[in-house]
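**Q** Dropping the structure in here first, questions after.
Please treat every number below as a calculation from the coordinates, not as lab data. Since the structure is predicted, the reported quantities are computational estimates derived from the model, not experimental observations. We place every Cβ from the backbone using ideal geometry, glycine too, and count neighbours over all the protein chains shown.
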Amino acid sequence: PRRSVEEEVTLQDALQSGPPLDDTIQSDPGLWKAIREGYNDDPLYQKVVANPPAYPNFHIRDGILYVRTRLGFECVCIPRSKYNGKRRLTEIVLDTGHKVLGHLGPRKTNEYLRRWVWW
């Protein structure tokens, strides 16, 4: 069977589609601050932040938690918490990734987000 264009999207395509998502997120200081503070509310990240040496794939830089993925990428860890008590951070990041790429389909957006963020 013939594959659709969307199915042929590769990670390399997604990487070439837009700028690093963390640069885009950092352009909103309030969001970046909410990510830093959100680690206190996320059950997984609480453990990592409390004992970084126990989690060798993670590291903290400037209060932001990063994870090194199996592909060797460094991704910003997005906590499961809310921005200003309203929208979930993960939802905001999804919307931001979609805006960066435009309307290129869910698979390409997913690959792009997987390169830059982790939750």
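**Q** Sorting check: for 56-63, 109-116, 91-98, which peptide has the highest mean count of neighbouring beta carbons within 10 Å, and how do the rest follow?
**A** Per-residue mean Cβ counts within 10 Å order the peptides as 109-116, 91-98, 56-63.
**Q** Quick one: compute the contact order of region 14-115, relative version, from alpha carbon pairs under 8 angstrom and 6+ residues apart, as a percent.
**A** Values: 105 pairs, mean separation 30.5, N = 102.
In percent, rounded to a whole number, it is 30.
**Q** Also: Project the alpha carbons of region 14-115 onto their principal axes and report the range along each, largest first, in whole Å.
**A** Extents along the principal axes, in whole Å: 39, 33, 20.
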